Structure formats: structure tokens, C-alpha cells
Amino acid sequence: MQSRDGVPRAAHSFVSFDGGVRARGYLQQPDRYRFWRGRLDETPRISRGAGLSYAGASFLADGLSVSHRAFDRVLDFDSGRNVVEVETGITLSALHRFLSPRGLYLPVQPGHGRISVGGCIAADVHGKNQTRDGTFINQVEEVTLVHPAHGTLQLSPQRDAELFRLTCGGYGLTGHIVCARLRASAAPIPWVEIRAAPFASAEEGFNHLRGAARDADFSYTWHDMSTAGDGFGVGFLIQGSFVPQERAPGTTPGIAEAPVLSADGRARLPVPLLNRLSTRMLNSLYRWQQRSAHKGKVVALADALFPTHKAQAYFQLFGAAGFREYQAILPYAATASYVDAIRSYLRQKPLPITLSSAKTFAGSRELLRYTGDGISLALNMPAGADADMFMEFLDQRIIEFGGIPNIIKDSRLPRAVVDACYPDAGRFRETLRAFDPKRLFRSDLSERLKL
Amino acid sequence: MTALVVGASAGVGRALSEALAANRKPLLLAASDPEDLNALAAHLRLVYGATVVTVAADARDPEAFAERLSAVAAEIDDIDELYFPIGFSRRDDKAQLDADASLAILNSNLTVVAAVTARFLPSLLRQPKARIVGFGSIAALRGRKANVIYSAAKRGLESYFESLRHFAAGTGVVVQLYRLGYIETQQSFGQRLLFPVVTPEQVARHVLATEGRDFGVRFFPRFWQLIALAVVWLPWRIYKKLNF
Ligand SMILES: Cc1cc2nc3c(=O)[nH]c(=O)nc-3n(C[C@H](O)[C@H](O)[C@H](O)COP(=O)(O)OP(=O)(O)OC[C@H]3O[C@@H](n4cnc5c(N)ncnc54)[C@H](O)[C@@H]3O)c2cc1C
Ligand SMILES: NC(=O)c1ccc[n+]([C@@H]2O[C@H](COP(=O)([O-])OP(=O)(O)OC[C@H]3O[C@@H](n4cnc5c(N)ncnc54)[C@H](OP(=O)(O)O)[C@@H]3O)[C@@H](O)[C@H]2O)c1
């Protein structure tokens, strides 16, 4: 199909990474700057990064997804200030390959190297020490935004700050983010020592986590919640710190290209292989594997940043039917009640919790970004009616306990829950409408949440 | 010694420029849009430490294009490799384009290659080792109702490269034409294709791996050779009914 901007559009079937939303729409993959300079028409549109969001955030039924895949270059590097300018289609892994030999890295990065910088800005993602490093916006100095009605805009915390803050964490709804200037941090060494310390209950794990977030460079917990009986919530505190120079391996680790990951590839298995029995086996296997990390093991920085590269088969085990993730930040005072509620529910209605992992969070809530003070707990399970019932139960607990769910991780999250949990949801809508009264940028996520 | 890449800013040209930069080859890159060229040049300098000079000019005016290129080239190192991944096609190229539109296609696919080669050939012939690389298309195998002018230009390009190879025989200049199948670029995006596509990076790797080989013309991917046989030998009474 020819389009007015001269770049072909192809009919395309989209699926969210969790397999929860499927839609037919159009895909456009511009590869030249004249596309951004030209007249973009008013077809409902949305930017697409790597398409790895669990929610349907970068497509819309009958709408147009504009892929940034071809815009993946490093444009500028200020070695004095450690600031790098990139096109936002660049993957985290490619950017890491650029920064690492210069003794730099981005502390805030999600767990897979195929994810794009544009996706990280738009979802304002978190890394492995949110308490210390905050969310992705903290690393962003400036973005270049293209909108059919406004042309090209340069936004920064100093320049059009309100639109900058709406764009970083705006789920692509303010326009196409074409380039960004990012501030990197010093990586003293490209090696990290990872230690896994066991704990006997979820609460104990959360307490250890709060201490670890102060001292370690990376910290999160893993819990076994595959059974609601004895041993529910036991697990490991996983901490990583840059290896002291004197104990570092004498070599520089190679940084391989991140393994290919896509929503379509994830859903290739026709039948799910994760049920209650296999989930328990998987959890036991993981526990057994972690024994070797009790005393500490040294891994390349890239492996610590992108741990899912070596475990991405896990996502495939859910098969075409997919999976669900419930990730929410709970105020510290509510974590015990939340975990108790989960356990009681699972006692009555057993469900294979395939993964449970927590991180500590700090920060003030603003707009629709996933941040705040407390413990962020993520639960995975195979998709299905049971999972949906459990997710609805969790929605109610989150509202009751004053928590917030992660919008980018949940393809079914209802508008009512977002409105109840995010005090700024109304302000987000108003600010967005004031900037773009025609609401040109739309996605499955924005339609569901009426943004 | 520098490599000149004409049509460097996208698709095969961009991948080729990146592969050459990774091999530490100094580059002179040409295409029509300065913004695309600047982005690519910055990337190659920062990521590979490459030496890169760019020229933005419109190949629809082949003489002016060649003039600009040779003026810039005169300021830098000698050129010993010419790559022409330049190409331009239109989806409405269905035997009804006017003269200007037809000339734009002919010039960007064929005339500019001849005009630029003419400028650099004398100095290439003086090199002990040099290379001229063109990119043909399976569209030129047999005329059909789509890509009418484009296919004619690519057929012309094949003849031009055949002559060039003959002309350069016995010198240090190796002349190669890669007849490309479907490549995953803007030219093929969104089209329903009968056979598998390859990435521009695969093309670039193949081109660099076959440096110095005096084969004249070759298909890439190689399986197109068999398909080409079938297309060329298909009896007219069947061929004329095909809708492709
Ligand atoms: C294996 C795995 C591990 C993960 N780990 C974490 C984690 O540790 N922490 C965390 O916070 N998240 C994590 N995520 C979630 C992931 O970081 C986000 O969903 C991210 O937004 C995905 O980016 P993407 O490049 O795939 O973009 P897409 O999924 O294509 O898009 C995501 C959103 O960004 C917008 N967008 C993308 N590019 C642009 C652009 N150039 N301009 C404007 N808008 C744009 C889209 O419109 C959409 O709203 C993980 C996901 C996976 C699959
Ligand atoms: N893609 C395929 O499936 C396919 C199949 C068979 C053969 N081929 C051939 O393979 C080669 C590479 O194809 P591709 O798909 O990589 O092409 P592409 O992505 O469209 O890139 C073409 C390049 O040529 C430049 N160019 C085109 N017209 C120009 C002009 N008038 N002035 C200056 N520069 C111009 C473009 O730059 P600007 O944008 O600045 O104009 C761009 O750098 C071409 O010769 C093509 O014909 C392609």
C-alpha cells in the first residue's frame, strides 16, 4: 500500500509479548530522515520499538505502527560529560557495545538487550536498582519529538519540561521520539560479582532487599511461590556489585549480539508446557542452580544487565496461549498483607506462579510512570481464565493497599484500576489532550485506558 | 586508499558502508540527503573509528553528481574501490511514465553509474588492485508489466558491466555485478514475495567475502540462478499469463 509520505505500509498482524492482545493493523518502516521532515498524515498512529511490551502498547487495530528499527545509530558522543546521542531504534545491547569499551554503562536498563531506547523512554522503565538510580528518565538529557501537528520539538528538563515529563513515560502518545541524548555512568570494570543469599520467607527477602539496595549495584529477589504450602515465598536475594580491580579477571568480556526475541517467536509452541507440576520442577531447578552463586560468581556486566538472554526459553514455554504478569509497587507497610492475600488465594484456587521476583522502589508518583516508595513484586503465570480471575483479585488488593500496577506489563489492566491507583491519571489525559486535541497517537493500551 | 559508495544512505549501501568501516576502510559516501549521510557518517566514525567523507547530490543529474563527487575525491586519498548500490524504483512504473519520470529512473540506476565510473576509471586503471561493483536485479531477467523502466535500466547496467569487464581485462581492476534477489529494504517492504528475502547485511558480507573474484556476474542469493533459468525458459504462452 502506497502512502502520502512515500513510505510503504504493509498490513501486519501484531501480538503483545504476553500473547494477550492480537490485532491487524499497518506497519511502516521508514529508513530516511525525509520521512520525519515530511508531511505526516493524520492516520491514527503509534511508534514501535522492538515490540516487546507485554501490553499492546505499540500497535492499534486498523491503526498505523511506525517502526523505528532503521533509526538505530549513534549520532554523537561527549566523552567529557559521558553523554551519548542515539537514534531511539537502537537496541540496549548495541548501545552497551558502544559504551562498555569506553568504561561506561546505563545503570537503568530492563532485562533484555533487544529492547529499544525508544521503548525505554516511552515506558520510563526501571533497572536493577531503582532505589538508587530511579527510572529511565533520570538518564535522559534531551529528546527529539516529531508530531504531525507540531513538527520537530527538542524537549529537555529545561526546555518544555512539562512535555518532556509527559513524553518520558507517555507510552508513545505524545509523538515519535526520533533521537535522544542519554547520560551514561562510569562502569568501573566490565565484571560483576553476583551473590545469591537464601531467605526463608517473602517478608525476610523484602527486608534483606531494602538493605541490599543501599550497598549493591544490582539487587532483586527471587521467590518460590509455585506452591502455597510450606516453603511459599522462600528464595534468594540476588545482589551484584562491580568486582574490585584486584579480583577481576584479566580479560575483557566479549559482548555478543543479544539473542533474537520477538512476540511472534515467543508464541511458537502450540501448547503450553508450564503447569503446576512443571512449574514446581522449574522452581526447584532454579533453586538448585543458585547454589553455585551462594559464594559469589563473576559474570560479565552485560550478563548482569540482561539476565533474560540466557533464560528466554522460559517465555516460550508458555506457548501460543501466552502468560500474564502482575507487577505492582506496594507500600512497605502493606507487603506482608499483600503476600498473605496471595497465599490465601492460591491455597483456595491453586495456580502455577511460574516466577516471582521483587525489587525495592523509591520516588514520588507522577503521571502514569511506574514509580513510588515500596516493594515492586512481579508474578508470572500461564494465561487463562484462572489467571484472569487471580489478576482481578490482585487489582482489588492493590487498590485496597494503596499500590500501583505496572501499565506496560499488563495487557488487560482495566481503566478503572489505573484511575483508582494513579492519582495523576486525569492530569495525564488533560495534558495530553491540551498538546494534541485530535489525539493522533493511539494504541491498544491507550484505547483500553481511555488516554 | 578509499572506497566510494554511491547510494550509501540506506539498504544495501548502508550495510556495505558499515561492513567496510568495520574493516577499517576509509570511505567516501554519496546519496541525495545530507541528514541521512551525516547520521551514517557520525555512526561509522564513533562506532568504528572510520574516516568518512560525505557528498550529498542528486543522481538524477548524473553529470553534476559525478562532478561533485570527483571534486570532493580530489581533496582526499586515492579511490581504489567503487560500489554502486544506488537504485530507484517506483511502484507506478507500469509503461506509462512520462519522459522526466523515466529519465529519473534511468539516470539513478544506470547513467550515474557510467558517469561516475568514467571519472574514476583512469586512476583505477593505474592501481595495482582495484574494484568496481554494481548491483543488478532479478527484475532484469525478463521484461514484465511492472517495473518497466527500472528493469530496462538494470538490463542496461548488465550490458554496461559486461563491457566494463572486457575493457578492464588484463588490468588490476576487477569488475563485478551482483544480480540481487529480494532484499529486506524499503524497495521490497510490504510486498508479497514468492521467495525468501535476505538482509542487506548478508549482501554486504557476501560482497566483501568475494573481493577479487573475477566472476563477472553472479546471483545473490545463489538459489536465484535456478529460478532465473525457469523464468527465462518459460514459454511465452505461459509467461504472458503470469501476473507478477
Ligand atoms: C524479557 C523482558 C524483560 C524486561 N525487563 C524489564 C525490566 O527489568 N524493567 C522494566 O521496566 N521493563 C522491563 N521489560 C518491559 C520493557 O522494558 C518495556 O515494555 C519496553 O517499553 C519495551 O520496549 P520496546 O523497544 O520493545 O518497545 P515497544 O514494545 O515497541 O513499545 C513500547 C512503548 O514505547 C513506545 N515507543 C517505542 N519506541 C518509541 C519511539 N521511538 N518514540 C515514541 N514512542 C516509542 C511505544 O509506542 C509503546 O508505547 C521487559 C520486557 C521483556 C520482554
Ligand atoms: N531491495 C530489493 O529487493 C532489491 C532487489 C534487487 C535489486 N536491488 C538493487 O540493489 C541495490 C540496493 O537496493 P536497496 O534496496 O538497498 O535500495 P534503497 O534502500 O532504496 O537505497 C538506495 C540508495 O540509493 C540512493 N539513491 C537513490 N536515488 C538517488 C538519487 N537520485 N540521488 C542520490 N542517491 C540516490 C538512496 O539515497 P537517497 O535516499 O538519498 O536518495 C539510497 O542511499 C539497488 O541497485 C537496487 O536496485 C534491490
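The values are calculated or read from the model by the stated rules, or taken from the named source; none is laboratory data. Since the model is a prediction, treat every value here as computed from it, not as a measurement. Here the Cβ is made from the backbone with ideal geometry for all residues, glycine too, and neighbour counts use every protein chain on show.
Filtering the range B:113-146 to residues that are closer than 30 Å to B:Phe244 by Cα and more than 15 Å from ligand 2 (Cβ to nearest atom) leaves B:Gly143, B:Lys145.
The residue pairs whose first member lies in the range A:23-38 and is facing chain B (nearest Cβ under 8 Å), whose second member is assigned to a helix (DSSP H, G or I) and surrounded by fewer than 19 Cβ atoms within 10 Å (Cβ to Cβ), and whose beta carbons are closer than 8 Å, counting only pairs six or more residues apart or on different chains, are A:Tyr33/B:Glu35; A:Arg34/B:Glu35; A:Arg37/B:Glu35.
In the range A:114-149, the residue that is nearest to ligand 2 (Cβ to nearest atom) out of those that are among the hydrophobic types (A, V, I, L, M, F, W, C) and in a strand (DSSP E or B) is A:Val146. Going through (1) assigned to a helix (DSSP H, G or I); (2) among the β-branched types (Val, Ile, Thr); (3) buried (at least 21 other Cβ atoms within 10 Å of the Cβ) one by one, A:Ile399 falls short only on (3). Within the range A:316-327, not a single residue is exposed (fewer than 12 other Cβ atoms within 10 Å of the Cβ) and more than 30 Å from A:Glu400 (Cα to Cα). Among the residues of the range B:183-218, just one is within 13 Å of ligand 2 (Cβ to nearest atom), away from every other protein chain (no Cβ under 14 Å) and of a type in the set (Phe, Trp, Tyr), namely B:Phe195.
Quick one: which of A:Ser116, A:Ser93 is assigned by TED's automatic domain parsing to the domain that holds A:Phe136, touching a residue at least 40 places away in the same chain (Cβ under 8 Å) and closer than 21 Å to A:Gly25 by Cβ?
Numbers: A:Ser93 fails: closer than 21 Å to A:Gly25 by Cβ.
From the options A:Ser116, A:Ser93, the qualifying one is A:Ser116.
So if I check each of A:Leu173, A:Leu104, A:Leu155, A:Leu92, which one is of a type in the set (A, V, I, L, M, F, W, C), surrounded by fewer than 24 Cβ atoms within 10 Å (Cβ to Cβ) and away from ligand 2 (no atom under 16 Å from the Cβ)? Spell out the reasoning first.
Working: A:Leu173 fails: surrounded by fewer than 24 Cβ atoms within 10 Å (Cβ to Cβ); A:Leu155 fails: surrounded by fewer than 24 Cβ atoms within 10 Å (Cβ to Cβ); A:Leu92 fails: surrounded by fewer than 24 Cβ atoms within 10 Å (Cβ to Cβ).
Only one candidate passes the filter, namely A:Leu104.
Could you tell me which numbered condition A:Gly111 fails, if it satisfies all but one of (1) more than 14 Å from every other protein chain (Cβ to nearest Cβ); (2) part of a loop (DSSP other than H, G, I, E, B); (3) buried (at least 20 other Cβ atoms within 10 Å of the Cβ); (4) under 22 Å from the mean Cα position of the chain (by Cα)? The number of the failed condition is (3). For the residues A:Val125, A:Val192, the requirement of being within 8 Å of ligand 1 (Cβ to nearest atom) and under 30 Å from A:Tyr286 (Cα atoms) singles out A:Val125. For the range A:376-393, the set of residues classified as touching a helix residue (DSSP H, G or I) at 6+ places or on another chain (Cβ under 8 Å) and surrounded by 22 or more Cβ atoms within 10 Å (Cβ to Cβ) consists of A:Ser376, A:Leu377, A:Leu379, A:Met381, listed by residue number. Report yes if some residue within the range B:184-201 is away from ligand 1 (no atom under 16 Å from the Cβ), more than 18 Å from B:Trp224 (Cβ to Cβ) and aliphatic (A, V, I, L, M); otherwise report no. Scanning the range B:184-201, I find no residue that is away from ligand 1 (no atom under 16 Å from the Cβ), more than 18 Å from B:Trp224 (Cβ to Cβ) and aliphatic (A, V, I, L, M), so the answer is no. The condition (being in a loop (DSSP other than H, G, I, E, B) and surrounded by 19 or more Cβ atoms within 10 Å (Cβ to Cβ)) is satisfied by just one residue among A:Gly205, A:Gly229, A:Gly233: A:Gly233.
Quick one: in the range B:1-52, of everything that is out of contact with any strand residue (DSSP E or B) (no Cβ under 9 Å at 6 or more places or on another chain) and of a type in the set (Gly, Ala, Ser), which residue is nearest to ligand 1 (Cβ to nearest atom)? Checking each candidate, the answer is B:Ala15.
Out of all the residues in the range B:34-78, which are within 14 Å of chain A (Cβ to nearest Cβ) and within 12 Å of B:Val112 (Cβ to Cβ)?
At the first step, the residues of the range B:34-78 found to be within 14 Å of chain A (Cβ to nearest Cβ) are B:34-50, B:52, B:54, B:56, B:58.
Hit for the range B:34-78 is B:Asp58, nothing else.
Might you let me know whether the range B:163-179 holds any residue that is within 14 Å of another protein chain (Cβ to nearest Cβ), of a type outside the set (Lys, Arg), crowded, with 18+ Cβ neighbours inside 10 Å and in a strand (DSSP E or B)? Write out each step before concluding.
So in the range B:163-179, the residues within 14 Å of another protein chain (Cβ to nearest Cβ) come out as none.
Checking the range B:163-179: not a single residue is within 14 Å of another protein chain (Cβ to nearest Cβ), of a type outside the set (Lys, Arg), crowded, with 18+ Cβ neighbours inside 10 Å and in a strand (DSSP E or B).
For the subset of the range B:3-36 comprising residues that are charged (D, E, K, R) and closer than 23 Å to B:Ala64 by Cβ, which member is surrounded by the fewest Cβ atoms within 10 Å (Cβ to Cβ)? Quick ask: steps written out before the conclusion?
The initial filter retains those residues of the range B:3-36 that are charged (D, E, K, R), namely B:14, B:18, B:24-25, B:33, B:35-36.
Now drop any that are not closer than 23 Å to B:Ala64 by Cβ, which leaves B:33, B:35-36.
Working: B:Asp33: 16, B:Glu35: 14, B:Asp36: 21.
It comes out as B:Glu35.
Residue-wise test of (1) at pLDDT 95 or above; (2) within 11 Å of ligand 2 (Cβ to nearest atom).
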| position | (1), (2) |
| --- | --- |
| B:Arg60 | yes, yes |
| B:Phe65 | yes, yes |
| B:Leu69 | yes, yes |
| B:Ile76 | no, no |
| B:Asp80 | yes, no |
| B:Ile86 | yes, yes |
| B:Ser89 | no, yes |
| B:Leu97 | yes, no |
| B:Ala104 | yes, yes |
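Within the range B:116-136, the set of residues being in a helix (DSSP H, G or I) and either on the phi > 0 side of the Ramachandran plot or under 14 Å from the mean Cα position of the chain (by Cα) (or both) comprises B:Val116, B:Thr117.
Residue-by-condition table, conditions (1) touching a strand residue (DSSP E or B) at 6+ places or on another chain (Cβ under 7 Å); (2) more than 24 Å from B:Leu46 (Cα to Cα):
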| residue | (1), (2) |
| --- | --- |
| A:Val84 | yes, no |
| A:Leu106 | yes, no |
| A:Pro110 | no, yes |
| A:Gly134 | no, yes |
| A:Val140 | yes, no |
| A:Ala149 | no, yes |
| A:Phe164 | yes, yes |
| A:Thr167 | yes, yes |
| A:Tyr171 | no, yes |
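Go through (1) part of a helix (DSSP H, G or I); (2) more than 14 Å from ligand 1 (Cβ to nearest atom) one by one and return the number of the condition A:Ser356 breaks. Here A:Ser356 meets the rest and fails (1).
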